[in-house]
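The values are calculated or read from the model by the stated rules, or taken from the named source; none is laboratory data. Please read all numbers here as calculations on a predicted model, not as lab measurements. Cβ atoms come from the backbone with ideal geometry, glycine included; neighbour counts cover every protein chain shown. Accessible surface is based on the protein model in full, side chains and every heavy atom, while ligands, DNA and RNA are left aside. Shrake-Rupley method; radii C 1.70, N 1.55, O 1.52, S 1.80 Å.
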Amino acid sequence: MPVRSPKDLSQSLKNGTIAPVYFLFGPEACLRDRAARAIADEALRGTLLREFNESSFNLLTDDVRSAMAIAEQLPMMSDRRVVLIRNFSRVREADEEVLLNYLNRPVETSVLVFVTDDIDKRKKLAKSLMAGAAFEFQPLKANELQSWLRSRLKKLEVDIEPQAQQRILEMVTSDLHTLTNELDKLAAAALPSGRITLELVDQLISRSREHMNWELSDHLVAGNRRAALKTLRDLLDDGVEPVLLIGLIAGTYRRMAMARELLSRGASPAEIFREVRMPPFKQTAYLSMLRGSDSKALARKIQRVAEADLAIKTSKATPRMQVEMLVCELMG
């Protein structure tokens, strides 16, 4: 069975179809978490003793065998019990056979939900999960993200200026959890008018260090020397160690080189952005930059970053001067 989308999951739940095992994976954690809740809500609909029939485990700290023991128990005064297992990619090889045995003969009265960012799809366990009720949660595309934002604001019963909406999407690009928190904050601050303005967004959404890191990377990609140097100065003045910025710069150019190589091999945009994470609304410009880039020039820039890293670690000039000179040369 091919991997299905979140919309397919929503439709099956609306139809009252409950699978004994679900596999929810992909980088968009907010949508994954909501899907897991939706599965639990539907599976336990009408259950009076929900707290006795819903269990959650995290393989960062919990043993998967404990979760399986719960899944094999009969529900208490309910048709089903739900067992959620997060960070499933951390499962130990020694436990995979136990899981495979369960997948071959799942307990009819249990709903087992595996959740993870990703998993090695070459393994037998992964193939078994992918053949069942597997749903992938990729970052939203630009139009989907805007639609999601409008839907969220509608639920919050607030309006927004077009310029304010664009600014939010520019400043909050990490994930939907962060975007949800920022929208909730803005909605509360917009009272009593119920309208989010550009001024309000600029006041309340802080330009954190994470945002500035993204800005520096964006300016390097765009070849905007003045903006890159300004953001670099702000980060250095904020106390960021130059060697950490060297790592950020190196990562930016390594991702560019990887994406350029994939593009030269004829990879599709979807394949490229599975390897090189990029907010959907930036992908078109990034692809345009890649098509105009040169592999040899990128290799030289990566070599220059390595030289600057060595110079900082061997005390040649001050670290701040080294990273500033590096950005000037890369933007030259």
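A few points about this structure:
- Condition met for Val21 (of a type outside the set (D, E, K, R), touching a strand residue (DSSP E or B) at 6+ places or on another chain (Cβ under 9 Å), more than 18 Å from Pro106 (Cβ to Cβ) and touching a residue at least 40 places away in the same chain (Cβ under 8 Å)): no
- Residue in the stretch 290-309 that is in a helix (DSSP H, G or I) and within 27 Å of Gln146 (Cβ to Cβ) present: yes
- Residues of the stretch 119-138 satisfying the condition of being aliphatic (A, V, I, L, M) and either closer than 21 Å to Thr180 by Cβ or in contact (Cβ under 8 Å) with a residue 60 or more places away in the chain (or both): Ile119, Leu129, Met130, Ala131, Ala133, Ala134
- Inter-residue pairs, beta-carbon under 7 Å, first free of Cβ contacts under 8 Å to residues at least 40 places away in the same chain and in the stretch 139-150, second assigned to a loop (DSSP other than H, G, I, E, B), 6+ apart: Trp148/Leu140
- Failed criterion for Arg277 (all others in (1) surrounded by 14 or more Cβ atoms within 10 Å (Cβ to Cβ); (2) of a type outside the set (Phe, Trp, Tyr); (3) touching a Pro at 6+ places or on another chain (Cβ under 8 Å) hold): (1)
- Within the stretch 227-264, the set of residues being of a type in the set (Ser, Thr, Tyr) and either open to solvent by 50 Å² or more (accessible area, probe 1.4 Å) or closer than 17 Å to Arg304 by Cα (or both) comprises Thr252, Tyr253, Ser264.
- Counting only residues that are among the charged types (D, E, K, R), under 14 Å from Phe114 (Cα atoms) and open to solvent by less than 60 Å² (accessible area, probe 1.4 Å), the stretch 34-66 holds 0 of them.
- Conditions (1) outside any helix (DSSP H, G or I); (2) open to solvent by less than 60 Å² (accessible area, probe 1.4 Å); (3) not hydrophobic (A, V, I, L, M, F, W, C); number of the one not met by Lys282: (1)
- Residue match in the stretch 314-328 (condition: surrounded by fewer than 18 Cβ atoms within 10 Å (Cβ to Cβ) and among the β-branched types (Val, Ile, Thr)): yes
- Qualifying residues in the stretch 76-103 (those that are hydrophobic (A, V, I, L, M, F, W, C) and open to solvent by 10 Å² or more (accessible area, probe 1.4 Å)) - the one modelled with the highest pLDDT: Leu84
- Within the stretch 75-98, considering residues that are in contact with a strand residue (DSSP E or B) (Cβ under 9 Å, 6 or more places away or on another chain) and part of a helix (DSSP H, G or I), the one farthest from Val21 (Cα to Cα): Arg90
- Test: residue in the stretch 101-118 that is more than 25 Å from Ser56 (Cβ to Cβ) and not hydrophobic (A, V, I, L, M, F, W, C): no
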